[in-house]
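Encoded as structure tokens, the structure appears first; notes follow it.
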């Protein structure tokens, strides 16, 4: 459990600190969109994983795949952090507006895949 939660929150911290800002306007104002929203998706993923372990502890035969699930979730969030930091940034307009699509969508996708991995582990248990 600690591997998954540590992986989620290490990725949230890395995304919040190192991902590119959204830059817009004629004054090139920086807005850290990843820092605003990533922690919400990290909290949702943490909730999902915590619910899995609570259910697995209540069932004496359940929770056989908790180690594999922890490593898979940590790997998912590691990839999400890499995509957020090094991913695509769309540049548009005469005053170049930069929109970091990787930083905006990678945490959402990682959360969805976390719930998918959790559901798969529940089905296989």
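The values are calculated or read from the model by the stated rules, or taken from the named source; none is laboratory data. Given the structure is predicted, the values throughout are model-derived calculations rather than measurements. No Cβ is skipped: glycine too gets one built from the backbone with ideal geometry, and neighbour counts run over all protein chains shown.
Summary table below
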quantity: Failed item, numbered, when residue 29 is tested on (1) closer than 20 Å to residue 114 by Cβ; (2) free of Cβ contacts under 8 Å to residues at least 24 places away in the same chain; calculated: (1)
quantity: Count - residues of the range 22-43 that are over 14 Å from residue 103 (Cβ atoms) and within 19 Å of the chain's Cα centre (by Cα); calculated: 1
quantity: Residue check, residue 3 assigned to a helix (DSSP H, G or I), within 19 Å of residue 105 (Cβ to Cβ) and touching a residue at least 60 places away in the same chain (Cβ under 8 Å); calculated: no
quantity: Given (1) closer than 30 Å to residue 95 by Cα; (2) free of Cβ contacts under 8 Å to residues at least 24 places away in the same chain; (3) out of contact with any helix residue (DSSP H, G or I) (no Cβ under 7 Å at 6 or more places or on another chain), index of the condition residue 16 fails; calculated: (3)
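One line per residue, one yes/no per condition, for (1) modelled with pLDDT of 90 or more; (2) outside any helix (DSSP H, G or I); (3) closer than 13 Å to residue 8 by Cβ:
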residue: 35; (1), (2), (3): no, no, no
residue: 41; (1), (2), (3): yes, no, yes
residue: 67; (1), (2), (3): no, no, no
residue: 73; (1), (2), (3): yes, no, yes
residue: 85; (1), (2), (3): yes, no, no
residue: 95; (1), (2), (3): no, yes, no
residue: 103; (1), (2), (3): yes, no, no
residue: 107; (1), (2), (3): yes, no, yes
